[in-house]
Structures are given as C-alpha cells and as structure tokens.
C-alpha cells in the first residue's frame, strides 16, 4: 500500500463558529463540511461534538472538533510550544508578507519572516492556541539535491550522538554556493 494523501488532520477548538470565521478571514480557507453528533461513532460514548472541515488547498483538509462537555483545552507542557505546529505552504513571498501585515493589523503577534534557507516562514497562533506556520519555498533544485544526498547519513549520526550533524551546515552558516 502507498498512501495517496492526508485525508484530513484534526485538532480541537474552543468555538467551532469562531474557528471557521478566523480561518476564512486570515487564511482564506473555505468551510466545506460540518458533522455534529451526540454520540461518538467509533466508541459509542455519549459525547456531543461539532466537527468542522476547512479546505487547506491541494485536496488537504484541516478539521476541528468542538467538545463542549470535555475539560478545557490544554497542551503538552513537556514540549516547547514552537515544536507542535501546522505548517502550510503559500505561493509567494508577497502572499506571506501580505498575510503577516493583515494578522498584525488585527493585533495578532507574528514571528518572522524567518529565513530557513530553503524556505521562509512566519509563525503565529490561531484563536485556539494552535501554532501555525506559513512557508514560502525559496530553494533551488541543487539545494534539494544536496539535502537529499545526506539525509540518511544525518539521521544515522543523530541517532548515535543526539547532536546536530554538520552535513548541511551550509544552510545556516552562509557557506552555500551552487
């Protein structure tokens, strides 16, 4: 078996309507589906929920559950908040910068653009506390070829040492040249 694509990715939200409106306003995502039940289909637990689905482009769906009878949302306190995030691709730096300006104009804190050498990105939080990243690719085919060539060696070295391997240090030390 080979996977075709991600069918949907689901997160929890505090308020389904607010979440739909926020993603429509700031990320121009279409609201495509809502499912509401009073009983969880897989477990048969009596737990009402609203499940909303948003079009993230390219056949990708971002979904959320509002769970009114569950304890307040939390997060994994043992994981830094910069680790768990959802990164979505945009088509140009102009789109990235325009979105940053719109978010900031409405008082939303934005980090970046951050230059990752092969892409640039901005980071911010949605109204549910989920960290989002918008990324614009800036890589060349040669950069990607070089990274592909060393990926297994990097992984094996990391597994042995738990220290960052230097195979792709050109990404951050300014020594890259084609």
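The values are calculated or read from the model by the stated rules, or taken from the named source; none is laboratory data. Keep in mind that this is a model prediction, so the values were computed, not measured. Every residue, glycine as well, gets a Cβ built from its backbone with ideal geometry; the counts of neighbours run over all protein chains shown.
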Review point. Could you list, in sequence order, the residues of the range 11-25 that are touching a strand residue (DSSP E or B) at 6+ places or on another chain (Cβ under 7 Å), under 15 Å from residue 103 (Cβ atoms) and either modelled with pLDDT under 95 or surrounded by fewer than 20 Cβ atoms within 10 Å (Cβ to Cβ) (or both)?
Key: 24
Practice item. Being assigned to a strand (DSSP E or B), within 28 Å of residue 138 (Cβ to Cβ) and out of contact with any helix residue (DSSP H, G or I) (no Cβ under 6 Å at 6 or more places or on another chain) narrows it down to one of 63, 10, 34, 87, so name that one. Key: 87
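Return a yes/no flag: does the range 43-65 have any residue that is out of contact with any strand residue (DSSP E or B) (no Cβ under 9 Å at 6 or more places or on another chain), more than 24 Å from residue 124 (Cβ to Cβ) and modelled with pLDDT of 90 or more.
yes
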Review point. Any idea which of (1) in a strand (DSSP E or B); (2) in the same structural domain as residue 127 (by TED's automatic domain parsing) is the one residue 102 doesn't satisfy?
Key: (1)
Review point. Looking at residue 137, is it more than 22 Å from residue 24 (Cα to Cα) and modelled with pLDDT of 95 or more?
Key: yes
Review point. What single numbered condition from (1) touching a helix residue (DSSP H, G or I) at 6+ places or on another chain (Cβ under 8 Å); (2) over 28 Å from residue 65 (Cα atoms) fails to hold for residue 149?
Key: (1)
Practice item. Hey, can you tell me all the residues within the range 101-110 that are surrounded by 14 or more Cβ atoms within 10 Å (Cβ to Cβ) and free of Cβ contacts under 8 Å to residues at least 24 places away in the same chain? Key: 110
**Study point:** Among (1) touching a helix residue (DSSP H, G or I) at 6+ places or on another chain (Cβ under 9 Å); (2) part of a loop (DSSP other than H, G, I, E, B); (3) modelled with pLDDT of 95 or more - the single one residue 178 does not satisfy
**Key:** (3)
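Residue-by-condition table, conditions (1) part of a loop (DSSP other than H, G, I, E, B); (2) at pLDDT below 95; (3) surrounded by fewer than 16 Cβ atoms within 10 Å (Cβ to Cβ):
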{"residue": "71", "(1), (2), (3)": "yes, yes, yes"}
{"residue": "76", "(1), (2), (3)": "yes, yes, yes"}
{"residue": "80", "(1), (2), (3)": "yes, yes, yes"}
{"residue": "83", "(1), (2), (3)": "yes, yes, yes"}
{"residue": "94", "(1), (2), (3)": "no, no, yes"}
{"residue": "123", "(1), (2), (3)": "no, no, no"}
{"residue": "132", "(1), (2), (3)": "no, no, no"}
Exercise for review: Please tell me if residue 108 is touching a strand residue (DSSP E or B) at 6+ places or on another chain (Cβ under 6 Å), assigned to a loop (DSSP other than H, G, I, E, B) and not assigned by TED's automatic domain parsing to the domain that holds residue 57.
Suggested key: yes
